[in-house]
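The values are calculated or read from the model by the stated rules, or taken from the named source; none is laboratory data. If you're wondering where the values come from, they're calculated on a predicted model, not measured in any experiment. Neighbour counts run over all protein chains shown; Cβ positions are idealised from the backbone, glycine included.
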Amino acid sequence: MLKKSLSVVLSVLMMLGAMSCAFAAEGDAPSSFGYYKHVFIIGVDGAGAAFDKVESPNFDRIFGSNAYRHNAVTEDITVSAQNWGSILTGVTYDTHGFTNDSTGKNKRQAGCENPSIFYYARQKFPDAKLVSFNNWSNINHGIIEYGLGVNKINRKSDPLLTQSIVRYFESGNKPDLMFVQLDSVDHAAHSHGGFSDEYYDAVKKMDGYLGQIYDAIAGAGLMDDGLFILVADHGETTNGHGGNTPEEMAAVLAVAGKTVNQTILPETAHNRDVSAIALYALGIEQPEQMVSSVPEGLFGAEKDKVADLGSEELPVADKLGNFLLKMLDAFVSLFDWIASV
Ligand SMILES: [Zn+2]
C-alpha cells in the first residue's frame, strides 16, 4: 500500500515537473533574466571622443537624458583587437592577449580561457538569442567564440551592416544580447588622419547609422526592457592610432535605458566596463577574473516610477501651503470682480 501511494505521488511529481518544463520552454525569454531582457552594444571603431566634436543629433536624443562620457579610458595599447577583446571579455589586454593578427588567424572556440560575455549569457540562459554584426570580422572570428550559437553576421560596409541590422529587427528578431562593430570612422582616420574633415564627416554619418539602429530597436518595442550601449575601442590622431596620446586613449561610453540616470559617467569609467554593464543588466553574476565594473552612478530608480512619485500623497505642510495658495487665488479673483463692478 505504502509503495503504491509512493508511486502515485512520484508520478504526480513527474507530471508536474514535465508541465513546468513545457511552460518554461514556451516563454518569450528565460524567466530569471535581470532587469533588462535585451542588451544592445554598438561599437564604433576609432570614434574616440569625436561624437562630442561634430553635430550628432542622434547621439544627443538617445543619450542626452541618459548616461555618457566622451572620454572613457581605453586599454594602454590603442589597437582594435586589444580593446574589443577587453570590451567583450572584461579582462585587460595583457590577460586576454588578442592582437589584430591573432584574431584574424585563430578561430576562437567555446571553452577557452577569458570567455566573452556571450559565453556567460549562454551559460545562464540556454535559450537566449545571441547575435553579433561585424564590419571587421576579426571580432566574430577570433574574439567571440564559435560553438555558443551566436548568430554571426559580417558585412564589408557600414551602410550594408546597418541595413542588415534594421532588417533583422523588422523581421521580428528579439535578441537578448547583441554586439555590433562599425568600422567606417576608423577607415576615414587611416586614409585621411584623425583630425581631417573626412574623419569628422564619417563620424556625422555614423551618428545617422546610430539613429537608424536605435529606431529599429525602439520601433520593435525592445527599449521598454532594453539597454542600449555605445562604445569606441580607441580614438585617433593625425597618424591614426596605436600610441598613447589623450586623443587615442579616449573612447566614448554611453548608455540608455529605463533605469539609467541622467549623468556624466565618472572619469574612472573604462570602455571595457561595457562587459560588466551588460552582465549586470541581464542579471548574470560577474565572474571573478573580470576586472571591469559598472561605473558609479550609472543606474538609478526606474524612470517611470520616478515620474510617478509626483502623484503620491503630499506631506501636510505642502497640503496647507496649497490650501493657502488656493485661498489667495480666490481672494484675488474676488477683489478683481469687486474692482470691475
Ligand atoms: Zn580600432
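Things worth noting here:
- Condition met for Asn151 (among the polar types (S, T, N, Q), in a loop (DSSP other than H, G, I, E, B) and more than 14 Å from the ligand (Cβ to nearest atom)): no
- Residue check for Val180: in contact (Cβ under 8 Å) with a residue 60 or more places away in the chain and either aromatic (Phe, Trp, Tyr) or outside any helix (DSSP H, G or I) (or both): yes
- Of all residues in region 198-232 being more than 30 Å from Lys303 (Cβ to Cβ) and of a type in the set (D, E, K, R), the one that is surrounded by the most Cβ atoms within 10 Å (Cβ to Cβ): Lys205
- Test: residue in region 137-145 that is more than 16 Å from the ligand (Cβ to nearest atom) and assigned to a helix (DSSP H, G or I): no
- Looking across region 169-201, the residues that are over 24 Å from Gly149 (Cβ atoms) and either among the hydrophobic types (A, V, I, L, M, F, W, C) or within 12 Å of the ligand (Cβ to nearest atom) (or both) come down to Asp183, Ser184, Val185, Asp186, His187, Ala188, Ala189, His190, Gly194, Phe195.
- Close pairs (7 angstrom Cβ cut-off, 6 or more residues apart or separate chains): surrounded by fewer than 19 Cβ atoms within 10 Å (Cβ to Cβ) in region 272-289, assigned to a helix (DSSP H, G or I) and aliphatic (A, V, I, L, M) anywhere: Gln286/Ala276; Gln286/Leu279
- Selection from region 50-73 of residues that are among the β-branched types (Val, Ile, Thr), in contact with a strand residue (DSSP E or B) (Cβ under 9 Å, 6 or more places away or on another chain) and surrounded by fewer than 19 Cβ atoms within 10 Å (Cβ to Cβ): Val73
- For Ala218, the criteria (1) hydrophobic (A, V, I, L, M, F, W, C); (2) free of Cβ contacts under 8 Å to residues at least 40 places away in the same chain; (3) within 16 Å of the ligand (Cβ to nearest atom) hold in every case but one, which is (3).
- Looking across Asp186, Asp158, Asp224, Asp201, one residue alone is under 23 Å from Ala67 (Cα atoms), in the same structural domain as Cys112 (by TED's automatic domain parsing) and charged (D, E, K, R). It is Asp224.
- Exactly one residue out of Ala67, Ala72 is under 17 Å from Leu253 (Cα atoms), modelled with pLDDT of 95 or more and within 16 Å of the ligand (Cβ to nearest atom): that is Ala72.
- Filter result (hydrophobic (A, V, I, L, M, F, W, C) and part of a loop (DSSP other than H, G, I, E, B)) within region 183-200: Phe195
- Leu160 passes every criterion in (1) assigned to a helix (DSSP H, G or I); (2) under 20 Å from the mean Cα position of the chain (by Cα) apart from (2).
- Only residues that are aliphatic (A, V, I, L, M), under 20 Å from the mean Cα position of the chain (by Cα) and either surrounded by fewer than 21 Cβ atoms within 10 Å (Cβ to Cβ) or part of a helix (DSSP H, G or I) (or both) were counted in region 89-119, giving 1.
- Search result, residues across region 75-96 that are in contact (Cβ under 8 Å) with a residue 60 or more places away in the chain, in contact with an Asp or Glu (Cβ under 9 Å, 6 or more places away or on another chain), under 14 Å from Met290 (Cβ atoms) and within 16 Å of the ligand (Cβ to nearest atom): Ser86, Ile87
- Of all residues in region 230-249, those being more than 10 Å from the ligand (Cβ to nearest atom) and either among the small types (Gly, Ala, Ser) or touching a helix residue (DSSP H, G or I) at 6+ places or on another chain (Cβ under 6 Å) (or both) number 2.
- For region 43-64, filtering for residues that are within 15 Å of the ligand (Cβ to nearest atom) and assigned to a helix (DSSP H, G or I) leaves 1.
- Some residue of region 17-28 being outside any helix (DSSP H, G or I) and at pLDDT below 95: yes
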